[in-house]
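The values are calculated or read from the model by the stated rules, or taken from the named source; none is laboratory data. Values in this document were obtained by computation on a predicted structure and should not be read as measured data. Using ideal geometry, Cβ is built from the backbone for each residue, glycine included, and neighbour counts are taken over all protein chains shown. Areas reflect the complete protein model, heavy atoms only, side chains present, ligands, DNA and RNA absent. Shrake-Rupley method; radii C 1.70, N 1.55, O 1.52, S 1.80 Å.
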There are 2 protein chains.
Amino acid sequence: MAHHSTGQATAVQTDALVIGAGPVGLFQVFELGLLGISAQVVDSLPQAGGQCMALYADKPIYDIPGIARCTGRELTERLLAQIAPFKPAMHLGHIVNHLQRKPDGGFSIRTEQGLQWECKAVFIAAGVGAFSPKKLKLDGALAITVNPVQYQVQYPVDSSRPYAGQHVIILGDSEEALSSALALSQSTPAPASVSVLYRRDVFTAGPATIEQFRNAIRQGSIALHLGQATALKVENGRLIALQLMSNDGSELQLPCDALLSLQGLSPQLGPLADWGLAMERKQIQVDTEKFETSEPGIYAVGDINHYAGKQKLILCGFHEATLAAFAAAVRIRPQDNHALQYTTSSSLLQQRLGVR
Amino acid sequence: MAHHSTGQATAVQTDALVIGAGPVGLFQVFELGLLGISAQVVDSLPQAGGQCMALYADKPIYDIPGIARCTGRELTERLLAQIAPFKPAMHLGHIVNHLQRKPDGGFSIRTEQGLQWECKAVFIAAGVGAFSPKKLKLDGALAITVNPVQYQVQYPVDSSRPYAGQHVIILGDSEEALSSALALSQSTPAPASVSVLYRRDVFTAGPATIEQFRNAIRQGSIALHLGQATALKVENGRLIALQLMSNDGSELQLPCDALLSLQGLSPQLGPLADWGLAMERKQIQVDTEKFETSEPGIYAVGDINHYAGKQKLILCGFHEATLAAFAAAVRIRPQDNHALQYTTSSSLLQQRLGVR
C-alpha cells in the first residue's frame, strides 16, 4: 500500500471508500469485490449495521427477498458474512468531515477523528446521515469550559470518569439512561448524588431495568425529577446547577457537577450537505443508470439518495449499489472488461469469493 | 370472485396477472401483496422457479443479498415460503398467447391451454421468454401428419404411448434422453428397437445413468449412433425412417416409427413479441420509475426488460418488481394512500403477512 505525506496525516490509498456501514454500504463492498475493486468502509456508529442495528436490531424485517423474516441484527450478520471474502477494512466511530477532489480526478477524504484516505470513487451509503446524540439547547451551555455536558451514544457511561463526590444528573428515559444512573449510584467511590430528569413517569427502558430503577428511588440512591430542563447555571466556566420546571409548575435548581445527556440519537446530514452535491428535499439527487451524484465519481445509494420512483427500502439500495459498482468499475479500471458475469458459472467470480 | 361470459371461455377476474414464476415473478406477488393487491401467476414450465429451476436448480448462487450461498432450488423455495401468506393462484404449464386491452383500460389474457383472465395490470416477468423444446429443422417434418416428432420437455417420456413393436429413435444426450431410452428398452410390450442418436460419444447425463446406458448398448437392447440427423423419410403422411450422417462420413437410414427429440429447452419470446410493446434488442423497454412498458398498465421486470444501466441480475429484478408494484397500486387503487410503510413497524403490513 502506497503512502505519501499530505501535511500532518498520512493518507491511505484505496480504490473505493464507502461512507456508511448499513446494509446497503456493506452490500456495496460485495458488488465492488465481485468486480475486483477493493473498498474501505467508514461509519459514525461504533458497530456495523446502520439503522438496522441502531434502531431495530431485534425487531423483525419481512421484506428482504428470499428471507421471510430476520432481525436487523441478523441481516447485518448475514451481510458481514457475505462480504467476508473481500476483507474490507472497517473504520467505525469515525465521522467524515472533509472531502476534496484531487487534481487527478480522485478524492481526498478525512474524518473528524483524523483518518485520511485517497481514493478513486466514493460511495455515500449514509442512510439518513451520521447519527449523533441529540444536543441540549439551553442558556449557559456555551459558557461551560471546565465540565461540559457529556453526550453519551451508548451504554455504559464511561466509569473511569471521576464522579466521586459529584452531583450527577442524567437526562433521558432509555435503557441506556436508567442503566447508567443505576451503575453510577452503585459505583465507588460514590457520587454525592445521582438524579434522573425526564418529562414523565413512563420510561422506554426494559422492564427489569425499570424495576431496579424504581427500587433505587425508593431506597434513596437515585432521585427522579419529572419536568424539563430550562437553564444551566455556570460560574467561572464551571457548570454548578441545572434549573428545571417541574411538571407541577414549580421551578427547581439542582446542584450539578456533571450533566449526562442520554436523550437518544438524531441523524445529521452534517458535512455531506456542504460538498456541493445536487440535493432535493435533503436527499442527494442521482441518476438511475449509475446512481452517480452531480459530482462524477461520487455515488449515492440507499436511503440518502433520490430519483423518480424512489422507495426507501433496503432491497432497492442493494440494486442501487450494484449498478453504482458497475459504473465505478468503468471509472476505476477503464481498460478492463466489466461485462456481467454470474457467480453461478464464473470461475473468476468464484475465485474472488474464495469458493473455487 | 366475479365471472362473466366472453364467448367460449369464462374469464377469471384478478387485480394483477404475473407472467413468469421465476424469482422475480414470485417476488412481484410479494410486493403486490404488501400493497393489498392480489395476483395470479402463469408460467410455461411445469414448476415455479424459472431459469433457477430449469437451468441451475442444484448449482450455487452467491449474490443474493444476505444469502451468502443458495442453490436455484433453495432460492425458489425461500421465495415460495415468503409469498405463501398471499396464497397466489399458480397456473403452471401454461403459455400466454393472447393479450388484448379492454375498453375499460384493463386486459384480457388467454393461454394456449385455454385459461382466461381479466385484470387491471400485467407484469411480464418472463426472463428470456417461455422455455420450449428445441425444434428439429429437417426436410420432411412438415409432411408428417400421422406420427409427428415428439418433443419432450421433461423426463419421463409418456409411457402410456403405444411404442410396442415400433422402431423408436431418441435424439439427445441429457439425463432425460438416456433415461427415456433405458425406460423404453425395458418396457413391455417391447418396442421393435430403441436407438439413440447424438453427435459424440460423451453425454451430459449422470454417471449412473451413463453406466446403465452403456450396459444396455453392450447387451444390444439400445443402439447408439454417433452422427447428425439430415432428413426425415415420410410416406403417406407417416414418418418411416430417419436419415443421418455418421461421424465416420457414411450415410445411414434407420427405420423410425417414433422420433423423440430431447435436445433441451430453448427460450422463446413467442407471442410477447407481437403485443406491440416497444423493444430494444429483444428486450422490452421500460422506464426506471415504474418499470412500465410502452403500454400503460403493462410492466416488465427482470431479465426481459431493458433500461440504461440494466444488469441481468436477480437482485435487480427484485427492485424493479418493487417499484412496478407501487406504480401499479396507484393505477389499480387510485383512491388509496400508497405511501411506503415498513414491515418492521406497520401493523397493516404485518396483518397482510399474517404475523400480527
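Does region B:5-143 come out rounded, prolate or oblate, given a ≥ b ≥ c as the square roots of the eigenvalues of its C-alpha gyration tensor, rounded meaning a/c under 1.5 and, failing that, prolate meaning a/b above b/c? Oblate is the answer for region B:5-143, as a/c is 1.5 or above yet b/c matches or exceeds a/b. For the protein assembly as shown, the residue among A:L197, B:S179, A:T344 whose Cα projects farthest onto the positive side of the dipole built from Cβ charges is B:S179. Projecting 7 Å from Cα along the Cα-to-Cβ direction, the label point of A:G264 sits 5.8 nm from its equivalents in the other copies, listed shortest first. Counting only alpha carbon atoms, the long axis of helix B:207-219 and the longest principal axis of chain B meet at about 20°. Shape of region B:287-356 from its Cα gyration tensor (a ≥ b ≥ c, root eigenvalues): rounded if a/c is under 1.5, otherwise prolate when a/b > b/c, or oblate? Judged from the Cα gyration tensor, region B:287-356 comes out oblate (a/c at least 1.5, b/c at or above a/b). The ratio of the alpha-carbon radius of gyration of the protein assembly as shown to the globular-protein estimate 2.2 N^0.38 Å is 1.24. A Gaussian network model of chain B, with springs between Cα atoms under 10 Å, assigns the largest mean-square fluctuation among B:V24, B:V122, B:V234 to B:V234. For the residue pairs A:K87/A:K120; A:K102/A:K290; B:K102/B:K290; A:K102/B:K310; A:K134/A:K233; B:K59/B:K312, alpha carbon separations beyond 28 Å are given by A:K102/B:K310.
Around the Cα centre of region B:179-243, unit charges on the Cβ atoms of Lys, Arg, Asp and Glu (plus for the first two, minus for the last two) sum to a dipole of about 100 debye.
Nonpolar atom fraction for the protein assembly as shown, defined as the carbon and sulfur part of the 1.4 Å probe accessible area, stands at 49 percent.
For the Cα atoms of chain B, what angle does the longest principal axis make with the long axis of helix B:175-185, in degrees from 0 to 90, nearest 10? On a 0 to 90 degree scale, this one is about 40. Over all pairs of different C-alpha atoms in chain A, the reciprocal of the mean inverse distance, the Kirkwood hydrodynamic radius, equals 22.7 Å. The relative contact order of region A:1-127, computed from alpha carbon pairs under 8 Å that lie at least 6 residues apart in sequence, is 33 percent. Using +1 at the Cβ of each Lys and Arg and -1 at the Cβ of each Asp and Glu in region A:66-221, identify which of A:H167, A:H94, A:T145 lies farthest towards the dipole's positive end. Farthest along the dipole direction, towards plus: A:H94.
Computed from the Cβ-Cβ distance with R0 of 51 Å, the FRET efficiency linking A:S347 to B:Q335 stands at 0.45. A 1.4 Å probe run over the protein chains yields, for chain B, 44 Å² of accessible area per residue, whole-number rounding. Computed from the C-beta positions of B:K87 and B:D201 and an R0 of 45 Å, the FRET efficiency is 0.35 to the nearest 0.05. Tell me the net charge near A:Y307. Cut-off is 14 Å between Cβ atoms, A:Y307 excluded, with +1 for each Lys or Arg and -1 for each Asp or Glu. Residues near A:Y307 contribute -4 overall.
In this assembly of identical copies, the label point of B:T10 (Cα plus 7 Å along Cα-to-Cβ) is separated from its counterparts by 8.0 nm, sorted shortest first. Summing both sides, the accessible surface hidden between B and A at a 1.4 Å probe radius is close to 3500 Å².
Classify region B:23-101 from the C-alpha gyration tensor, please: rounded if a/c falls under 1.5, else prolate or oblate depending on whether a/b exceeds b/c. Oblate, because a/c is 1.5 or more while a/b does not exceed b/c.
These residues, A:D303, A:D104, go from largest to smallest accessible area, 1.4 Å probe, as A:D104, A:D303. The helix-based estimate of mean residue ellipticity at 222 nm for the protein assembly as shown, built from -39,500 (n - 2.57) per DSSP H run of four or more residues and divided by its residue count, is -6500 deg cm²/dmol to the nearest 500.
Averaged over the residues of peptide B:335-346, the number of Cβ atoms from other protein chains lying within 10 Å of each residue's Cβ is 3.
Rounded to the nearest 5, the antiparallel percentage of DSSP beta bridges internal to region B:4-106 is 45%. Charge dipole of chain A (Cα centre as origin; +1 on each Lys and Arg Cβ, -1 on each Asp and Glu Cβ, all else neutral): 240 debye, rounded to the nearest 20. The dipole here belongs to the protein assembly as shown: it is taken about the Cα centre, uses +1 on the Cβ of Lys and Arg and -1 on the Cβ of Asp and Glu, and is about 180 debye.
Placing a label point 7 Å from Cα along the Cα-to-Cβ direction at B:E280 gives distances to the equivalent points in the other copies of 2.0 nm, listed shortest first. Burial of accessible area (probe 1.4 Å, heavy atoms of protein chains only) in region A:70-95, relative to its chain alone, reaches at least 50 Å² for A:R78, A:Q82. Sparse packing (at most 14 other Cβ atoms within 10 Å of the Cβ) combined with a DSSP loop state is found for the following trypsin sites (Lys or Arg not before Pro) in region B:231-294: B:R281, B:K282. What is the sum of charges around B:W275, taking Lys and Arg as +1, Asp and Glu as -1, for the other residues whose C-beta is under 13 Å from the C-beta of B:W275? Here the count lands on 0.
Across B:P85, B:P334, B:P103, mean-square fluctuation computed from a Gaussian network of chain B (C-alpha pairs under 10 Å connected) peaks at B:P103. When DSSP beta bridges are restricted to pairs lying wholly in chain B, around 50% turn out antiparallel.
When chain A is described by a simple charge dipole with +1 on each Lys and Arg Cβ and -1 on each Asp and Glu Cβ, the residue from A:G354, A:L79, A:V122 located farthest towards its positive end is A:G354.
To the nearest 10 degrees, how steeply does helix B:72-83 sit against the main Cα axis of chain B, on a 0 to 90 scale? Result, in degrees: 30. Descending by average beta-carbon neighbour count within 10 Å, the peptides B:242-250, A:28-36, A:256-264 line up as A:28-36, A:256-264, B:242-250, the highest first. Highest average first, the peptides B:336-343, B:169-176 ordered by how many other beta carbon atoms sit within 10 Å of their residues are B:169-176, B:336-343.
Electrostatic bookkeeping for B:K290 treats Lys and Arg as +1 and Asp and Glu as -1; over the other residues with beta carbon under 11 Å from its beta carbon, the sum is -3.
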